[in-house]
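Chemist: The structure under discussion is supplied below as structure tokens; questions concerning it will follow.
The values are calculated or read from the model by the stated rules, or taken from the named source; none is laboratory data. Bear in mind that the values here come from a model prediction, so they are computed numbers and not experimental data. Methodologically, a virtual Cβ is constructed for each residue, glycine included, from the backbone with ideal geometry; neighbour enumeration extends over all protein chains shown.
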Amino acid sequence: MTDRSNDVPTDASANTETEDPESADTPASTVTDDSTASMEPAIVTHDLTKRYGSTTAVGGLDLEISAGAIYGFLGPNGAGKTTTIRMLTGLLPPTGGEGRVADAPITDRERLVEYVGYLPESPPIHEELTAREQLEYHGGLRGMEPDAIDARVEDLLERFDLADDADDRIVTYSKGMRQKTGLIQAIMHDPDVVFLDEPTSGLDPRATRTVRKVLSELAADGTTIFLSTHVLSVVERIATEVGILYDGELVESGPPDELIARLEQGADSTLEDVFLEVTTET
Amino acid sequence: MGRATIRDGIRIARVEWLRHRRERNGRWSERLLVAALFAAAVVLGVGAFAAGRVVTTTPLANGIGLFASLLFVALVARSGSMTHDRFERLNETFLLTTVPTRAAAVGLVLFVGARVAARVALPTVSVAIGAALGLQAPVLAVTTMVAIAALGSLAVAVGVTGRLAARLVGMRIARARLLRDLFLMFAWLPLLIGWFVIREVSLSIVDLLTWVDVQPVAWFGDLAIVGVRSAGIGDPVRGLAAVGLLAAIPLLIGATTVLLRRIWETEPTDSSHRSVSRSLVGDGPLERLLAGRISRPMLTVARERFLLERRVPRGLLSTGYVLLFVGVILLPAFVFSGTAAFLLVPIVLGMAAGITFAIGPLEVEYRTLPMLLTTVSGRAVVGGLVTAALVVGVPAVTLVVLSLGLLGPVGAAETIAVVLVGVAVCACTAATTAAIDMAVDRDDVATVPFFFTSIPVYAETGARPFLRLAGTFAVVTLVSIPAMAGSTAAVYDHPTLRAVPTSAVRLGSLLVTVLLALVVATIAFRIAVRRYRAITLN
């Protein structure tokens, strides 16, 4: 799976089963485009640190992620991924260092909200509402016009196979349906930067494929995707860059192909091998 | 019931006890409760001692039966309430896949029993020893403790079973849930009617006590004094019969198991949740009224608040506290000071609307807080809450006050000023409530069972929500003082104000309150926005 050009037709052919073949999943061709690589960084951090008492959750994190990139943020449980995302979204003040997201300092949440979309591990949705109401609520909070909300919500509900259930209350939803609702909510306003914490958690293979496709399309349109996940196959397929966090520190970063190439384990190496290599105590 | 079931039940109860203690750990209200229990134990012990001294000369048998009955009712109610509270926090998936449902039922009953025991143990020992000393009958200490333990065990079993049965009925029939919650909200009404009926039919207290004394629950009173026949009180046969009532406990635990199975396994979802969506951004009266005048995010917050209130009317329930505050504090103050009662109307309406739509914003948005904080500014959120309150408060105040103004002797100018007072109080209440409630620590918020819904509702636990509400009431009352003073005869007829027309004094005082309320609302608004901006998710 090291040659990502092989993945594109695989995904594209798969997409023809359920989705518009014209909008086939072509992440590699879009996200590795030189035009995006030359753009201003969408996320920059310098020495970003979060301490809880004597425990360092994230220590001295330096990131520079280009606009339009899909950044796979990996790390074992407790490595500090969620803490990092919370700092980058302004939900958690850092104890040291600095950072900017789409030109807004991460300590200024009122400015950050204009640029970001966020899906935490647990989808932030009201169980008393229906999915359509929840998404309209979010669109309204974003200041989107009613017509634009309707069109965008309908489109995404259809794509995520949620349209038939959109008028049922979320309390009746399965975990995957809640996850889809949360994901639609995070991306429906076409933000500059999307932070996704385990977006494919609880999703079936078809929905996972849709997620990959939608994220690739967003990236192609210039949206930066910050993707934290344990599903390495998703990262391997669509990420343009990968960062591996271990014990609060960034121990490896770079394009997936490069990371895999650095390994001297033969041609069949995968991102999983890289992950295990750099996150194993020696 | 096998040994393994009991063993698993004990384990479940111990873990729930541990969880409960950690949830409550370090709260000053808990320490206060312990102190209150000590105080109650001392008072009850002294009372029991005094009763023991006079028991041979005073016919106390009825009193003991009544005491046993009241204690039983109180413990049943407390057990039901504890069951209601703990049931929401049980990890049903874990339990269902780990132990038989019967063990979970035993665990729940044991947990509630342990909590009830923790509350009554000290007073029980104190009463038992006090009565034994007073009557100079050492055996009475033992029989009293045995009787209260037996009565408590039965009460816990009845309380747990009754609460789960009520829950099942609520799950099965949405209308029944509504009726149940309405009953719980307005249970005082039938009690009041019952009291009047008793008065009307001239039922004497003696008749009532005699009736209570023949009920089976009163037999536990006889059990308590079964060892002091020499005092000439109690009936040992009824005392022993009370022990026989304990046979109902295994049956009730069996019923609890059946109910748990039905609640967890047979009725996992509530069909009443299926519904149509209501638009939060599309055309509607609010959209036509306010679109373009206030920002879209602010309008959306207000509309979302209306929709959530429609689904789970937690804000509406809070107006009960407004009525309580008005009934206990404001109304007597108005009566004693001779303030025009007309002024009470806009203040009550303004406060009620303000609290309904601004109370507990972080609790209402607990689940969606990560989205909210990364989506919308504090100004829009707080503005939306105040807008929601005003959209309801302004027409309510205007309609009611204008109607009363037309009927009463108050002039047009004063009527309009009173309307303005109501509107300003509404805005002030909403902004103040939002400012105070934005300080809620997210770690203090937990799921609690709630009226009108089977969906767990997030709320701050303990006494703090009431203190916050008291803070709002205090601020709004202070703001209203000029208007109240100006509408009091002792003020506008005061010799020093003789040169000023009465209407001018009244009007001026109303406008001072309006001004004051708007100033406080503005300050509170800013505080609320600042607090929203300072919220972090650790």
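Chemist: Which one of these does A:E217 not meet: (1) of a type outside the set (S, T, N, Q); (2) outside the structural domain of A:G75 (by TED's automatic domain parsing); (3) more than 15 Å from A:P123 (Cα to Cα)?
Modeler: Status for A:E217: all satisfied but (2).
Chemist: Can you tell me which residues in segment B:120-174 are in a helix (DSSP H, G or I), modelled with pLDDT under 85 and under 30 Å from B:A255 (Cα atoms)?
Modeler: B:A166, B:R167, B:L168, B:V169, B:G170, B:M171, B:R172, B:A174
Chemist: Follow-up. Could you list all residues from segment A:88-106 that are more than 12 Å from A:R51 (Cα to Cα) and within 11 Å of chain B (Cβ to nearest Cβ)? Show your work before the answer.
Modeler: To start, the set of residues in segment A:88-106 that are more than 12 Å from A:R51 (Cα to Cα) comprises A:88-91, A:98-106.
A:L88, A:T89, A:G90, A:L91, A:V101 - these are the residues of segment A:88-106 that are more than 12 Å from A:R51 (Cα to Cα) and within 11 Å of chain B (Cβ to nearest Cβ).
Chemist: Looking at segment B:354-386, which of its residues are β-branched (V, I, T) and either more than 13 Å from every other protein chain (Cβ to nearest Cβ) or within 24 Å of B:L467 (Cα to Cα) (or both)?
Modeler: We begin by selecting, within segment B:354-386, every residue β-branched (V, I, T); these are B:355-356, B:359, B:364, B:368, B:374-376, B:381-382, B:386.
Passing the criteria: B:I355, B:T356, B:I359, B:V364, B:V381, B:V382, B:V386.
Chemist: Report yes if some residue within segment B:245-267 is at pLDDT below 80 and within 14 Å of chain A (Cβ to nearest Cβ); otherwise report no. Full working, then the answer.
Modeler: Here is the first cut: in segment B:245-267, the ones at pLDDT below 80 are B:265-267.
Cutting the leftovers down to within 14 Å of chain A (Cβ to nearest Cβ) gives us B:267.
Looking through segment B:245-267, at least one residue is at pLDDT below 80 and within 14 Å of chain A (Cβ to nearest Cβ).
Chemist: Right, another one. Here is a check on your reading of the model: is A:S233 assigned to a helix (DSSP H, G or I) and not acidic (D, E)?
Modeler: Numbers: assigned to a helix (DSSP H, G or I): yes; not acidic (D, E): yes.
The answer is yes for A:S233.
Chemist: Tell me, which helices (runs of 4 or more DSSP H) lie completely within segment B:411-497 with 2 or more residues that are modelled with pLDDT of 90 or more, of a type in the set (V, I, T) and in contact with a Ser or Thr (Cβ under 6 Å, 6 or more places away or on another chain)? Spell out the reasoning first.
Modeler: On the way: elements: B:412-437, B:464-486, B:489-492.
Answer list for segment B:411-497: B:412-437, B:464-486.
Chemist: While we're looking at this one, here's another question. Show me the helices (runs of 4 or more DSSP H) entirely contained within segment B:279-335 in which 2 or more residues are at pLDDT 85 or above, crowded, with 17+ Cβ neighbours inside 10 Å and within 14 Å of chain A (Cβ to nearest Cβ). Working first, answer last.
Modeler: Numbers: elements: B:285-290, B:296-311, B:314-325.
Output list reads B:296-311.
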